[in-house]
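Heads up, the thing below is written out as structure tokens.
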Amino acid sequence: PYGDLYGDGRIKLVKGFTDVPENEWYYDSVMWAVECGITKGTSDTTFTPNRNVTRAEVVTFLWRNNGSEVVTSDKSFSDVTEADYFYDAVIWAAENGITLGKDDGTFDPYGTCSRAEALTFLWRSVGTPACEEGTVNNFVDVNVNDFFAPAVMWAISEGITSGVDATHFAPYNVCNRAHIVTFLFRAAAAA
């Protein structure tokens with residue numbers, strides 16, 4: 001599932017993005033995501049790793065990572081139409097309990113997605129697994145009562161995240177493209 005590998009375990013370059021140098025921490029994640037059809041980049045030559053992701057992009061990446069299932073549902077959001085590229089992804093996410101949308105009946109597809117939301121969507125997309133017994137939360141910004149705490153604990157136990165530093169996950173920071181494909185890549189490797 002990880003595509004062609006070099007002998008040293010690195011993913012073979014399948015697309016030349018000028019903004020994804022081979023020495024960047026997210027290089028393998030980006031190459032894997034492109035090879036697996038999760039994303040094509042923002043152009044033929046750029047991935048734009050530091051651009052904030054929207055809620056629609058995150059659920060679309062998750063939907064593609066889970067086989068791009070065709071949906072037929074009566075679920076709907078007032079701000080998502082069948083003409084939107086993300087329609088099937090959003091409806092799939094709603095059908096599978098990955099997101100319920102906003103309290104006002106919208107999904108907010110163009111709203112930015114926080115690190116907490118992105119990781120929670122990912123955790124739900126893999127069936128809300130429990131974290132490994134004995135997993136320690138060293139993040140001072142993740143409280144046991146936070147909606148995202150179980151997702152973060154699972155991600156810690158599976159090696160999906162180590163936070164922005166040793167004691168911070170930065171749950172309310174906006175997730176960027178490099179982070180979401182890295183979360184997905186590491187989750188696939190842990191599976």
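The values are calculated or read from the model by the stated rules, or taken from the named source; none is laboratory data. Computed from a prediction, not measured in an experiment: that's the story for all the values here. Cβ sites come from the backbone with ideal geometry, for glycine too, and all protein chains shown count toward neighbours. All accessible areas refer to the heavy atoms of the entire protein, side chains included, with ligands and DNA or RNA removed. Shrake-Rupley method; radii C 1.70, N 1.55, O 1.52, S 1.80 Å.
In whole percents, the pair-distance distribution calculated for the range 93-191 from its alpha-carbon pairs, binned every 5 Å from zero, is 2, 13, 24, 26, 20, 10, 4, 1.
For the Cα trace of the range 13-68, dividing Rg by the Kirkwood Rh returns an Rg/Rh value of 0.95.
With every protein chain left in place, what is the accessible area per residue of the chain in square angstrom, probe 1.4 Å?
Roughly 49 Å² per residue, with all protein chains present.
Once every DSSP H run of n ≥ 4 in the chain is given -39500 (n - 2.57) and the sum is divided by its residues, what mean residue ellipticity at 222 nm do you get, rounded to the nearest 500 deg cm²/dmol?
Theoretical 222 nm ellipticity from helices: -10000 deg cm²/dmol.
Of the heavy-atom accessible surface of the chain (probe 1.4 angstrom), what whole percent is carbon and sulfur? For the chain, the apolar C and S fraction of the accessible surface comes to 49 percent.
Could you tell me which of Thr161, Ala190, Thr46 has its Cα farthest along the dipole of the chain towards the positive end, charges placed at Cβ (Lys, Arg +1; Asp, Glu -1), taken about the Cα centre? Of the options given, the answer is Thr46.
Among the chymotrypsin sites (Phe, Trp or Tyr not before Pro) in the range 91-191, those located in a DSSP loop and surrounded by at most 15 other Cβ atoms within 10 Å of their own Cβ are Tyr110, Phe147, Tyr172.
Which number do you get for Rg(Cα) / (2.2 N^0.38 Å) in the range 18-135?
1.13
Measuring gaps between exposed loop sites in the chain (GluC sites (Glu not before Pro); DSSP loop; at most 16 other Cβ atoms within 10 Å), the longest gap, sites not included, is 134-191.
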